[in-house]
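To start, the structure itself, in structure tokens.
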Ligand SMILES: Cc1cc2nc3c(=O)[nH]c(=O)nc-3n(C[C@H](O)[C@H](O)[C@H](O)COP(=O)(O)OP(=O)(O)OC[C@H]3O[C@@H](n4cnc5c(N)ncnc54)[C@H](O)[C@@H]3O)c2cc1C
């Protein structure tokens, strides 16, 4: 009798699901996914609340990797006809929006759900109750908004740092100042970054800046402004565009969760197994080999073991090392224990309308501002970003005449924000937005709050000694660390997927080294700017 091999995959987020999909489509290895929650998609899931859909922070589908772009489009093909908001916009305004290249044979989003939309990107900074272009552009409106004194200080400190560069770039503050000058750093980067991480920029390693915004500089932003004036028809292939400046992206009609729920169904159709509501609590290992994992079924409260030939882990590295128990050396345990994370709360609000009105020369439905998201730079509030889901996909909102927004808060599990009762938090969020003139609190019709732990693996704590962990886990030939928290790396969906694709390809080719998995998202340049 032929014995089919089994791969046990921890986590049904983009990394785990991609690994399983690659296995069912390219090998005879049977994947068994164990997922801690009852959801599919991990941080990239979409939550449905009274017919309105909300992401854990809007998720753009964009990658410099052609493999990933193709992979996504095989699961959800790109739209062949206009989506609801474009159709209505044409009817109301008889004006064409920025042209997008529709796929000639693609599905019609008005008739089919299995479709990926092409969206124009707009994200601005809200500061001093005014909008600033993102990335910052030195144009008339920026000068008027900031005032001439601030502008002189910004230009002066930028010139200064170019003449007298920072000698040693150790911290994130050094990185920002050497890139943008002290004044620009203090005006636009310091507070926002500290809101995100909850620690001063002087305590964050410069690596984070280098990895997330290494392409963005004053000169490149200026060059981009000139280029975008010249450019006309846009294509979704923007391989040569700086990733912080990507102007179009793909987005599943019903949010990122739709992508991952579709992938999960395909995996099950092809014989893979997904066990939900079950948390991996122990790895059974001897002599640098994993034999099985034990998981706690949260419904029955029973612990079971599943054995396998290969193991993929997208669970947080900190928890993985803990699950290895005494088998992990003391030094590895110490570094694992010291890894830190930043957690996240999002509040969805349904409103009749926003207080701020659209003053851009973009025609929008019902006068809604055209931004996908806004960076909230105002110092007196804790909210970091605001998503406008109508502008991600009109199908995210049950009634397109209403406005469905997501407010994003960065916190630490167990701190005052995290512990605040739901009703109190929602009220606090509403009051914050009202106080900075974005909404009128009387226009709120519905709300939802979602807490998500470990959304950001931190580049502080014991992160600088991460090699201790990597050297240890790399010795396990049949264990593959993949994904974002799975590798403690600021990976987006595409990188998380590429780590999974590479791990499966190593199994197929017999490649024993894990270096090519760790190399993903170190050499390439990538998007996500400011701090997500
Ligand atoms: C605010 C925000 C905005 C973002 N925007 C974008 C964007 O625009 N574009 C983009 O591409 N990416 C974006 N990302 C990143 C994206 O969310 C992640 O890259 C992606 O979800 C990582 O996939 P993953 O599978 O590695 O991890 P996760 O999504 O974290 O999935 C891991 C899964 O493992 C499960 N798990 C954990 N521990 C256990 C255990 N012990 N046992 C069993 N299961 C376990 C979890 O429940 C989860 O389902 C954003 C992230 C955030 C926080």
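Where a number appears in this text, it was derived from the coordinates with a stated rule and is not lab data. The shown structure was predicted, so the numbers you read here are calculated from the model rather than taken from an experiment. As a convention, Cβ positions derive from the backbone with ideal geometry for all residues, glycine included, and neighbour counts pool all protein chains shown.
A few points about this structure:
- The length gained on full extension between residue 416 and residue 477, counted as 0.36 nm times the residue separation minus their Cα-Cα distance, comes to 17.7 nm.
- Computed with the Debye formula from one identical point scatterer per Cα of the chain, without solvent, the log10 of I(q)/I(0) at q = 0.06, 0.12 Å⁻¹ comes to -0.29, -1.22.
- At R0 = 25 Å, FRET efficiency that the Cβ-Cβ distance of residue 164 and residue 435 yields, to 0.05: 0.05
- Distance between the modelled labels on residue 366 and residue 522, one decimal in nanometres: 4.9 nm (7 Å Cα→Cβ projection).
- For residue 468 and residue 110, the FRET efficiency from 1/(1 + (r/R0)^6), where r spans their Cβ atoms and R0 equals 45 Å, is about 0.25.
- Centre-to-centre, using Cα atoms only, the range 386-433 and the range 297-315 are separated by 33 Å.
- Once the mean of 1/r is taken over each pair of separate Cα atoms and inverted, the range 340-457 shows a Kirkwood hydrodynamic radius of 14.8 Å.
- Among beta bridges that DSSP assigns inside the chain, antiparallel share in %, nearest 5: 75 percent
- Computed from Cα positions, the angle between helix 14-26 and the longest principal axis of the chain comes to roughly 60 degrees.
- Against the chain, whose longest principal axis is taken from its Cα atoms, helix 493-509 shows a tilt of about 30°.
- As a rough guide to protection, the peptides 51-62, 122-133 ranked by mean Cβ packing within 10 Å, highest first, stand as 51-62, 122-133.
- 0 to 90° range, to nearest 10: angle between helix 66-75 axis and the chain longest Cα axis: 80 degrees
- Between the beta carbons of residue 73 and residue 509, assuming R0 = 30 Å, the FRET efficiency works out to 0.75 to the nearest 0.05.
- Spherically averaged projected area in nm², based on the convex hull that wraps the Cα atoms of the range 41-183: 14.1 nm²
- Order by protection proxy (mean Cβ within 10 Å, highest first), peptides 22-28, 387-393, 501-507: 387-393, 501-507, 22-28
- Inter-label distance, residue 128 to residue 334: 5.0 nm, where each label sits 7 Å from its Cα along the C-beta direction.
- Mean residue ellipticity (222 nm) of the chain, computed from DSSP H runs ≥ 4 via -39,500 (n - 2.57), nearest 500: -9500 deg cm²/dmol
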